1. Rg and Dmax in Å for the chain, alpha carbons only: what are they?
2. With no solvent and one equal point scatterer per Cα, compute the Debye intensity ratio I(q)/I(0) for segment 1-145 at 0.17, 0.22 Å⁻¹ and report its log10, rounded to two decimals.
3. Can you give the Rg to Rh ratio of segment 330-387, both from alpha-carbon atoms, with Rh computed by the Kirkwood formula?
4. Let me have the 222 nm mean residue ellipticity of the chain computed from DSSP H runs of 4+ only, each contributing -39500 (n - 2.57), with the sum over all residues rounded to the nearest 500.
5. Normalising by the residue count of segment 276-326, find the relative contact order in percent from Cα pairs under 8 Å and 6+ residues apart.
6. Counting pairs of alpha carbon atoms under 8 Å apart in space and at least six apart in sequence, what relative contact order in percent does the chain give?
7. Could you put 308, 129 in order, starting from the residue whose Cβ has the fewest other Cβ atoms within 10 Å?
8. Rounded to the nearest 10 degrees, what's the angle between the helix 353-369 long axis and the longest principal axis of the chain, both from Cα atoms, 0 to 90?
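Derivation of every value follows stated rules applied to the coordinates shown; laboratory data play no part. Remember, predicted model here, so these are calculated numbers, not experimental data. Counting neighbours? That spans all protein chains shown, and the Cβs are built from the backbone with ideal geometry, glycine included.
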Ligand SMILES: [Mn+2]
C-alpha cells in the first residue's frame, strides 16, 4: 500500500437512467426517489436521475430527485436537441448541484445508420448543444456515443471542440461493450496525447458488459487517468448491463496501491442498495454475483471451510461486514416479529405483512434449531419471497403490456 495521498475517483451512478433501460424495467417516480435517496446514503458523487425529454414521468422523477436528494450532483441526460437540453435545465432547476449530460453518436455506424448525419453535422450539433448546456448549467458532461468504434481522428476532433464549447467532463462510452482492456487503454492514451485539453477536464468512462469486461475496462481507464467511472448497481443496464458499481468500488478499495485513487462510497451500504434495486427492478441478483451475490460469502468445500474457521483471510478477500452484511448474531429465538421486520428493512427488503408473517414463522423454526440467526440466514429465509415477488412483477408487466 502506498503512503501517497490518494486522488478521488468519482462514481456517477446511472442505475436510474441506463439501468432503467434494462429490458422489462420501468421505475415509478416513487421508485426512483427511493433509489436516489439510497444512492445518496451510499455516497455516490453523481446520480444520473433520468432523461427528462423522454417522458413526462421521467421529467417528474428528475425534478423530484433534484428537489429532494441532497449531497450528490444530480445529472440529467440530453440528446443534442435544444428541447432536450432545455428540459434538463428545467427539471434540474430545484437541484443544489446540477449537471447536464449531452450525448451524440459519433461512430460511422451511428452517424450513417442511425442519425443520417455527416461528420460536420454531428460536430456542429455536439458543439452547439454543449455550448447551450454550458449556458444554462455550470456543469456539463459530453459523451461521444459509441466512442470505442469511432474513427480516432474524428473522436479527437469532437472531444477537443466540446471541451472548448464548455464541457467540464468528457465521458467515453463503450456503448456496445465491444472493446477490450488493452485496446481501451490504448485508445485513452492516444486521445490524451492528441487532445492535451483533456488534462483540464474530468475524464470519465462508461463501459458496457457485453463481453463481461465492463469492470476490467473501467479499471484500466483509471490507470489511464480517468477520474470518473459510470456504473449501475448490480451491473444492470441496456442489454448485458453496465459496469457494476459494487465491483468497481470494491476493486478500487482493495487496491489503492495499484490505482492510486479512492472513492467516496460507503461500502457498508452496498448490500442494502443492491437489495433495493433488485426489489424495485424485479431483477434477481445471480447467487454467484461478485460482491453482493448470496453466495459471495458462502464457503462450501471442506478445505475452504477448514481454512475459514482457522483464519478468514485464507479464503476471503471481502468480509461480509464490509458490504453491510453482518454475519454476526443479529436475532435469536427470543426476538419478536418487530425486530425481524426492522432487520429485514435494514437489509433492504420491503415485504408486506403476510410475507413478514411467513418469514417470521420460518425464522422461529430456524431459531429453535440454530442458536444464532445471521443476516445471511435471513436472506435465505426471504429468498423465496423475493422469488414470489419477482414472478408477481413479471406477471404484472405482462398484464400491463397486453392491456
Ligand atoms: Mn449506456
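1. Values for the chain (Cα only, Rg and Dmax): 22.3, 72 Å.
2. Debye intensities relative to I(0), on a log10 scale: -0.92, -1.29.
3. Taking Rh as the inverse mean 1/r over Cα pairs, Rg/Rh reads 0.91.
4. My calculation for the chain gives -14500 deg cm²/dmol from helical runs alone.
5. Relative contact order for segment 276-326 comes out at 21 percent.
6. Rounded, it is 14 percent for the chain.
7. Sorted ascending by nearby Cβ count, the order is 308, 129.
8. 50
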